[in-house]
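Remarks on the structure that follows.
The values are calculated or read from the model by the stated rules, or taken from the named source; none is laboratory data. It should be emphasised that the depicted structure is a prediction, and the values quoted were computed from it without experimental measurement. Neighbour counts are summed over all protein chains in view; Cβ atoms, including those assigned to glycine, are modelled from backbone coordinates with ideal geometry.
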Amino acid sequence: MISVQACLDGILLGILFALIAYGMALQWGVMNIINIAQGDLVILGGYIAYFMYLYGIHPAWGVIVAPIIMFFVGIAIYKLVINKVVDRDLFISILATFGISILFMQLMNFAFGADVVLANSDYGTTMLFNNNVVLPNSKIFSAFISILFAICLVIYMKKSKLGRAIRATAQNARAAKILGVDTEKVYAATFGINAALCGVAGALISITFTIHPYMGLPYTIRSFMIVIVAGLGNLPGVAMSGMGLGVFEEFADYILGTEFRIGSVFLLLVLILVYRRFKLSRKREYLK
Amino acid sequence: MKNNLILYIGILIFGIAAPFIFPAFKVQLSILCVLIILATTWNIQGGEMGYNSFGNILFYGLGMYLCASVQVGMFFPLAEWTESGGEKTFVHTPTQFFQGMAVGLIVAAVVPTIVAGLIGYSILGLRGHYFAICTLGLGVAAGEISGGIEIIGAGQGFTTPPFPNVGSLELRGEFFYFLSFFTLVLTFVAVRSIYPTRFKLILNAIRDNEDKAEAMGIETMKYKIIGWMISAFFCGLAGGIMGGLVGYIDSTDVAFDGREMGVFMVLMAILGGKGTLWGPIIGATVFHIFKEGFWTFFLGWQYVALGVLIVVIVIYFPEGIMGWLREKYPDRFGEVVDEKDRKAQVELK
């Protein structure tokens, strides 16, 4: 029964990871930037929901408020920093976002304190299989909302004018520019949308799990991992590998113990990259 | 060349005299030496080879833990030492302390080098983003995992053996200063001797275009691993010294401190100008002076200042101090400049 519990927990958690990873894939594909501050944006979104909870508003409304605020935060970050590093060396952009990440971490630490907090949603729990499996309703709620947002975004990307402009820029920024797409605006919008997705995910995380100012980096690493396993622009792949990661984490938690949970995530990243390198090198040998 | 020799001798004399001129800053000067070692070694694979690693902190932390563990483990049971949490139940005699330190430093240098070889074989095939994030992951994973291992103190930390009572109290500072200064000289000599060789040219070729370098018949993998192993060797040594200097090892705040040391070494190399011999040294000195001078004014806001500093340096100053000097005085760097061309460019600006 424990394994069923872990699987279900993992899948519900993985859907959340997939939402964050989707944002990362979006900006990676469009702007060719890896945002180390991704996780910190998630945590910031979480604090927005937490503050609504503190002031007596049900934290579930954070799902609507957080993305709106985070969208503008994202655009502000883009205007201040990212637009200066978009077409530069890859390492420069990683280091710049690493700086933003440290900055955010510490600002959140000052503003909200270093305690582990959660926004209590009072959703109760669901019992399954003769009360052997316990699922908090908040987890089911968060998975449902994540899927809803992902579907909305996919439709928006397919149908709207901005969505088409974003996809065109991702395919070939120069050609898009020649054909009259304002790429600067597209980049800003992409970063804003990514931040908004992080905001939604953060609000959901503050309801279902806990948030803490220094917890950002693991989320960045998880979403990076999901994107490299799935590949850019492969949406079902992102969802599948997100769930896979969630299940892996729950099992690592049961087997190795909670103190090794984050460490195992980072080790898995290294293992995946090593596997990828050997696979690629085998491919290269064929070309000889 | 003659000027250089005088410069080196001058710096050497200054380095030896420094703890006696500024006796109050001995610890700071030792930390400066460690920072310069870290920045210079990061520069070997970050600046010259073009493999920007966030993970050299792994070797630094590994060296720190290994040196302290060997120093304790040679004479006393390690588990009981860490369990007592720095209580003075076991005391090193001076001979034991120095013997332990010497063996510990050797282990702290050799083991990270081997680890770098093994890890390097598996991950140095990655490029760009993937390598940077992978090394970042390695550094954090090491911190998280070492924080869960009981025998080296787990969450509560590891107190390194206190300096034995030999004569005056001043000796501790002098011992660590000269140890770190000697290591710094060793590092500098090693790096300096790499510079005129073919090995350095190969590293630069890997940075500029790895595929072409490979096509020219260079076994890039071999040289990349050697480059990383050189880095790891000195990082481990620096870690071992720093562990003894700080006197307390914690998995995420001292040893595998990606937020501080891990970023500092990258930042210092970039600030000074990566891919140059003197850049990291200048960068580390400037950075350390800035840090010690202004950190106290920020009072708790230092990480905010650090974040802003990273962003500003990376965006507005990616060439670093050496790059700026090179642009300003190109003839000093042995570059021949056409005067007419230069004037035309100045007018254009």
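With the condition kept exactly as written, say whether any residue in the range A:165-187 is aromatic (Phe, Trp, Tyr), more than 17 Å from residue A:64 (Cβ to Cβ) and buried (at least 21 other Cβ atoms within 10 Å of the Cβ). Scanning the range A:165-187, I find at least one residue that is aromatic (Phe, Trp, Tyr), more than 17 Å from residue A:64 (Cβ to Cβ) and buried (at least 21 other Cβ atoms within 10 Å of the Cβ), so the answer is yes. Screening residue A:150 with (1) crowded, with 21+ Cβ neighbours inside 10 Å; (2) closer than 13 Å to residue A:16 by Cβ gives one miss only, at (1).
Yes or no, residue by residue, for (1) surrounded by fewer than 13 Cβ atoms within 10 Å (Cβ to Cβ); (2) without any contact (Cβ under 8 Å) to a residue 24 or more places away in the chain; (3) under 28 Å from residue A:106 (Cα atoms):
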| position | (1), (2), (3) |
| --- | --- |
| B:276 | no, no, no |
| B:281 | no, no, no |
| B:288 | no, no, yes |
| B:292 | no, no, yes |
| B:311 | no, yes, yes |
| B:315 | no, yes, yes |
| B:320 | no, no, yes |
| B:323 | no, no, no |
| B:330 | no, yes, no |
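Is the range A:117-133 home to any residue that is crowded, with 16+ Cβ neighbours inside 10 Å and either over 22 Å from residue A:215 (Cα atoms) or within 14 Å of chain B (Cβ to nearest Cβ) (or both)? Yes, the range A:117-133 has at least one match. Is it the case, given these coordinates, that residue B:217 is on the phi > 0 side of the Ramachandran plot and not charged (D, E, K, R)? For residue B:217, the condition - on the phi > 0 side of the Ramachandran plot and not charged (D, E, K, R) - is met. Scanning the range B:147-201 for residues that are under 20 Å from residue B:279 (Cα atoms) and either at pLDDT below 85 or assigned to a loop (DSSP other than H, G, I, E, B) (or both) turns up B:195, B:196, B:197.
Looking at A:273, A:217, can you tell me which residue is within 11 Å of chain B (Cβ to nearest Cβ), buried (at least 19 other Cβ atoms within 10 Å of the Cβ), modelled with pLDDT under 85 and over 21 Å from residue A:102 (Cα atoms)?
Working: A:217 fails: over 21 Å from residue A:102 (Cα atoms).
So the residue among A:273, A:217 that is within 11 Å of chain B (Cβ to nearest Cβ), buried (at least 19 other Cβ atoms within 10 Å of the Cβ), modelled with pLDDT under 85 and over 21 Å from residue A:102 (Cα atoms) is A:273.
Within the range A:80-89, the set of residues being surrounded by 18 or more Cβ atoms within 10 Å (Cβ to Cβ) and either in contact with a strand residue (DSSP E or B) (Cβ under 7 Å, 6 or more places away or on another chain) or facing chain B (nearest Cβ under 8 Å) (or both) comprises A:81, A:85. Within the range A:51-61, is even one residue under 15 Å from the mean Cα position of the chain (by Cα) and buried (at least 24 other Cβ atoms within 10 Å of the Cβ)? Checked against the condition, which is being under 15 Å from the mean Cα position of the chain (by Cα) and buried (at least 24 other Cβ atoms within 10 Å of the Cβ), the range A:51-61 yields no hits at all.
Which of the residues that make up the range A:139-193 are among the aliphatic types (A, V, I, L, M) and not in a helix (DSSP H, G or I)?
Keep residues of the range A:139-193 that are among the aliphatic types (A, V, I, L, M), which gives A:140, A:143, A:145, A:147-148, A:150-151, A:153-155, A:157, A:162, A:165-166, A:168, A:170, A:173, A:175-176, A:178-179, A:181, A:186, A:188-189, A:193.
Within the range A:139-193, A:179, A:181 qualify.
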